[in-house]
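Working notes, beginning with the structure itself.
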Amino acid sequence: MKAMILAAGLGTRLRPLTDDRPKALVTVAGRTLLELALSRLRSFGVSEAIVNAHHYSEMILEYLKAHDNFGMRIEVSREEVLLDTGGGLKKAAPFFLEAGGSLQEPFILHNVDVISTIDLGRMIRFHTEHNALATLAVQDRATSRHLLFDEHGQLCGRRTGLDGKEELVRSAPEAQALAFCGIHVLSPHIFAKMEEEGAFFIIAAYMRLAAQGEKIVAFRADECYWRDLGRPENVMQAAQDLASGAYSVA
């Protein structure tokens, strides 16, 4: 199974921890965010991964080489210009569409700066059973940016900003607002449907595709531990969670 780790951001929210390194190499209890993500993916059967990089990309290459790629096949997609989540994924398309690969086997897209106990195996099975183009791990929790899903659990819009302004792309009498966890399961068929060019957010592509009737579905993970590690205080809390046993790693 294949996966992509989104790690190209500048890590500005993590300063000063990212003053001399990319956010992927920030450590939690002695382990880098990149190692934590790779270890978790490997525990669910991922043997091949691609990591996008921009800020201090050479450090990521050297780090992976020094650790023998953690026993996996790992490629690094270097972005001279930041392409955001959608553009970064689109640039990595050859990794997922290379000769001999299966267009039927889904892959995982995972932010480097989140940790969770979300069952990725169950999420993949859910994705396959629902014949979805994309499956998004979501929770019912507070956030400034919600995704909206209809009564069938399909993406129909989003809610952003302090005023909670809603943008609906499909009609939904009772849309439910849920928080995205930064973890996706995708069909390789998505690459043929990504019309956007250059730098773009993957959520914007999902919104367009949902408007066209594509199945972008919610995978509920309300009972799972999840933490965003985008700020220094969150990294400190994650270290405490590891020490207390609230979260464990492979």
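The values are calculated or read from the model by the stated rules, or taken from the named source; none is laboratory data. Small disclaimer: the values here were computed from a predicted structure and weren't measured. Positions of Cβ are backbone-derived with ideal geometry, glycine not excepted, and every protein chain shown enters the neighbour counts. Quick note on the areas: whole protein, heavy atoms, side chains included, nothing else; ligands and nucleic acids left out. Shrake-Rupley method; radii C 1.70, N 1.55, O 1.52, S 1.80 Å.
Restricting to the stretch 158-195, what's the tally of residues that are of a type in the set (S, T, N, Q) and open to solvent by less than 40 Å² (accessible area, probe 1.4 Å)?
Within the stretch 158-195, the subset of a type in the set (S, T, N, Q) is 160, 171, 176, 187.
Next, only the ones that are open to solvent by less than 40 Å² (accessible area, probe 1.4 Å) stay: 187.
Number satisfying all stated conditions: 1.
Kindly indicate the residue of the stretch 1-60 that is touching an Asp or Glu at 6+ places or on another chain (Cβ under 6 Å) and in a loop (DSSP other than H, G, I, E, B) and also farthest from Tyr247 (Cα to Cα) among those meeting that condition.
Selected residue: His54.
Would you mind finding the one in Ala177, Ala132 that is in contact with a Lys or Arg (Cβ under 8 Å, 6 or more places away or on another chain) and either part of a strand (DSSP E or B) or of a type in the set (Lys, Arg) (or both)?
Being in contact with a Lys or Arg (Cβ under 8 Å, 6 or more places away or on another chain) and either part of a strand (DSSP E or B) or of a type in the set (Lys, Arg) (or both) holds for just one of Ala177, Ala132, which is Ala177.
Search the stretch 70-83 for residues that are among the basic types (Lys, Arg) and pair each with any residue that is buried (at least 16 other Cβ atoms within 10 Å of the Cβ) and not in a strand (DSSP E or B) when their beta-carbon atoms are under 6 Å apart and the residues are at least 6 apart or on different chains.
Filtered contacts from the stretch 70-83: Arg78/Ser57.
Within 23 Å of Gly9 (Cβ to Cβ) and aromatic (Phe, Trp, Tyr) - does that describe any residue in the stretch 140-151?
No: zero hits.
If Val46 passes every condition in (1) of a type in the set (Val, Ile, Thr); (2) farther than 19 Å from Pro94 by Cα; (3) under 17 Å from the mean Cα position of the chain (by Cα) but one, which one does it miss?
That leaves (2) as the condition not met.
Working carefully through the options Gly161, Gly182, Gly198, Gly230, find the one that is at positive phi and modelled with pLDDT under 95.
Exactly one residue qualifies, and that residue is Gly161.
Could you tell me whether His110 is modelled with pLDDT of 95 or more, out of contact with any His (no Cβ under 7 Å at 6 or more places or on another chain) and assigned to a strand (DSSP E or B)?
The answer is yes for His110.
Taking the stretch 75-116 only, how many residues are open to solvent by 60 Å² or more (accessible area, probe 1.4 Å) and either closer than 17 Å to Ile60 by Cα or under 17 Å from the mean Cα position of the chain (by Cα) (or both)?
Residues flagged as open to solvent by 60 Å² or more (accessible area, probe 1.4 Å) and either closer than 17 Å to Ile60 by Cα or under 17 Å from the mean Cα position of the chain (by Cα) (or both) within the stretch 75-116 amount to 6.
Out of Gln104, Gln139, which single residue is of a type outside the set (Asp, Glu), touching an Asp or Glu at 6+ places or on another chain (Cβ under 6 Å) and farther than 22 Å from Val26 by Cα?
Exactly one of Gln104, Gln139 is of a type outside the set (Asp, Glu), touching an Asp or Glu at 6+ places or on another chain (Cβ under 6 Å) and farther than 22 Å from Val26 by Cα, namely Gln139.
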